[in-house]
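Data block below; observations after.
The values are calculated or read from the model by the stated rules, or taken from the named source; none is laboratory data. Given the structure is predicted, the values throughout are model-derived calculations rather than measurements. Counting neighbours? That spans all protein chains shown, and the Cβs are built from the backbone with ideal geometry, glycine included. Heavy atoms of the whole protein, side chains included, go into the accessibility calculation; ligands, DNA and RNA do not. Shrake-Rupley method; radii C 1.70, N 1.55, O 1.52, S 1.80 Å.
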Amino acid sequence: MTDISSSESRPVLRMKPKMDTRRIRFGAPWVWANELVLDRRSKKLAPGTIATLEDNDRNPLGTVAVNTSSKIVARMLDRDPDVAIDAKWFGNRVQRAVKMRENMYDAPFYRLIHAEADGFPGVIADRFGDTIVVQPNAAWAEMHFDLLKDALAGIDGVKNIVKNAAGRARATEGLDDVSGVVLGEVTGLIPVEMNGATYMADLLGGQKTGLFFDQRESHAFGARMSKGATVLDVFSHVGGFGLAALASGAKSAVCVDGSAPALELAQKGAEAMGASDRLEIRKGDAFDVMEDMVANGVKFDVVICDPPAFAPSKPALEKGLRAYERVARLAAQLVAPGGYLGLCSCSHAADASRFREACDRGVGKAGRSAQLLHTGSAGPDHPQHPSLAESGYLKAMFWRLDG
């Protein structure tokens, strides 16, 4: 699809009578099913249709993308109700995102598009030099994927584009899971330099887009604590904290993860940086490995745990907080007196306050006293949307432990 109709021929979605539209006018990007008049006409709109959103008095609120089969029926694309969502629109938004990142990073390795915060609802794109991995996780982005792809291909230096359709969000939008290279050619692993470390990104077979850029800032802080230290990196994936620590002069690092392919990439990264003799990888359930280490009295100068989202939704919050508490309790027992503990969460349902409370309980139950040194979040290539708590999902906290 190469063109999208102007506002004159678009369908209209209307807010319910007496519905307070100030939330939308003040910047909220989502409109829920219970806020809209959904009649037979609107329910027949194809997922991804571009429409005009109006209040009950027929005053336009903006241009939205529609999917009546989703709980989020309308996603705000533009506050201008008359804007054309065409190749120029896509190109301008992509170039705006690129310019911001180029001002912040010396090399083209970063989160390029961060969904609503960059004006692309449901779209994630990570840049790996001349290659971009894009996740069109909303129906409108899938329907108009060619326009998105062409805009990404127009970035200077970009030669290859990978479409990753493995995200769980696509299923809720009624989309397929067919991934593949849609421009150029991608073969082998891509080395990514961050904080002096080398990470090996598997763009076709790795988790999500192949590498997590969001912990870059926290990796750097953890590395500063790790000079000359023994380091344990639990839930390490491809060696995020461990490799950064080695690059900063850590004496040794142990990476623990349940994925053999991820640990193999960590090993390859260490080899690329000439640090393989200081890295040990250990495959296994993280809780079981930590329990075993505690039982054997093992201690490290620095222990950092970066688990998956234990509380991905509100119904899972209490169970997730108990899991974070357990991680903190076990990890704290592995920290040598005067050593450092880093704990992270990527659960948007667990805000920073609840996450810290769970960690404090765990550290206390381990019989340790602590000083909170630093709290962090995702880097500036992962901007937060001011109206979406979900975009502030990442929390990283670092303590010094006594006793």
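For the reader, a short list of remarks on this structure follows.
- For the stretch 204-222, the set of residues classified as over 10 Å from the mean Cα position of the chain (by Cα) and open to solvent by 40 Å² or more (accessible area, probe 1.4 Å) consists of Leu204, Gly205, Gln207, Glu217, listed by residue number.
- For Glu185: the one exception among (1) open to solvent by 40 Å² or more (accessible area, probe 1.4 Å); (2) touching a strand residue (DSSP E or B) at 6+ places or on another chain (Cβ under 6 Å): (2)
- Neighbours by Cβ (under 6 Å, 6+ apart or cross-chain): first from the stretch 75-104, over 12 Å from Ile155 (Cβ atoms); second surrounded by fewer than 18 Cβ atoms within 10 Å (Cβ to Cβ): Pro81/Ser7; Pro81/Pro60; Asp82/Ser7; Ala84/Ser6; Asp86/Asp3; Met104/Pro380
- If the condition is being free of Cβ contacts under 8 Å to residues at least 60 places away in the same chain, under 17 Å from Gly48 (Cα atoms) and surrounded by fewer than 19 Cβ atoms within 10 Å (Cβ to Cβ), then the stretch 146-176 contributes Lys149, Ala165, Ala169, Ala171, Asp176.
- Only one entry of Ala115, Ala141, Ala125, Ala153 meets the criterion of being out of contact with any helix residue (DSSP H, G or I) (no Cβ under 8 Å at 6 or more places or on another chain) and closer than 30 Å to Trp89 by Cβ, and that entry is Ala153.
- Val158, sole failed condition from (1) part of a helix (DSSP H, G or I); (2) more than 20 Å from the chain's Cα centre (by Cα); (3) hydrophobic (A, V, I, L, M, F, W, C): (1)
- Among the residues of the stretch 49-75, those that are within 30 Å of Tyr110 (Cβ to Cβ) and either at pLDDT below 95 or open to solvent by 20 Å² or more (accessible area, probe 1.4 Å) (or both) comprise Ser70, Ile72, Arg75.
- Per-region count, the stretch 252-290, residues outside any helix (DSSP H, G or I) and free of Cβ contacts under 8 Å to residues at least 12 places away in the same chain: 1
- Unique match (being more than 27 Å from Leu330 (Cβ to Cβ) and under 19 Å from the mean Cα position of the chain (by Cα)) among Val192, Val186, Val181, Val238: Val192
- Here Pro121, Pro136 are screened, and the one residue that is over 20 Å from Ala378 (Cα atoms), open to solvent by less than 20 Å² (accessible area, probe 1.4 Å) and within 16 Å of the chain's Cα centre (by Cα) is Pro136.
- The set of residues from the stretch 105-118 being open to solvent by less than 10 Å² (accessible area, probe 1.4 Å) and of a type in the set (A, V, I, L, M) comprises Leu112, Ile113.
- Selection status of Asp86, touching a strand residue (DSSP E or B) at 6+ places or on another chain (Cβ under 6 Å) and open to solvent by 20 Å² or more (accessible area, probe 1.4 Å): no
- When the stretch 24-66 is limited to residues that are part of a helix (DSSP H, G or I) and in contact (Cβ under 8 Å) with a residue 40 or more places away in the chain, the one that is farthest from Glu390 (Cα to Cα) turns out to be Ala33.
- Of all residues making up the stretch 353-403, the number that are out of contact with any strand residue (DSSP E or B) (no Cβ under 7 Å at 6 or more places or on another chain) and in a loop (DSSP other than H, G, I, E, B): 12
- Filter result for Ala201 (over 28 Å from Ser70 (Cβ atoms), of a type outside the set (D, E, K, R) and either in contact with a helix residue (DSSP H, G or I) (Cβ under 9 Å, 6 or more places away or on another chain) or surrounded by fewer than 16 Cβ atoms within 10 Å (Cβ to Cβ) (or both)): yes
- In the stretch 94-103 there is no residue matching the filter, namely being of a type in the set (D, E, K, R), surrounded by fewer than 19 Cβ atoms within 10 Å (Cβ to Cβ) and modelled with pLDDT under 95.
- Taking the stretch 98-114 as the range and being touching a strand residue (DSSP E or B) at 6+ places or on another chain (Cβ under 8 Å) and under 14 Å from Phe213 (Cβ atoms) as the test, the residues that pass are Arg101, Met104, Ala107, Pro108, Phe109, Tyr110, Arg111, Leu112, Ile113, His114.
- Scanning the stretch 369-397 for residues that are modelled with pLDDT under 95, hydrophobic (A, V, I, L, M, F, W, C) and open to solvent by 50 Å² or more (accessible area, probe 1.4 Å) returns a single hit, Ala389.
- Scanning the stretch 308-325 for residues that are surrounded by fewer than 18 Cβ atoms within 10 Å (Cβ to Cβ) and touching a residue at least 24 places away in the same chain (Cβ under 8 Å) yields Pro308, Ala309, Pro312, Ser313, Lys314, Ala316, Leu317, Arg322.
- Selected residue (only one of Ala272, Ala250 is among the small types (Gly, Ala, Ser), open to solvent by 40 Å² or more (accessible area, probe 1.4 Å) and in contact with a Ser or Thr (Cβ under 8 Å, 6 or more places away or on another chain)): Ala272
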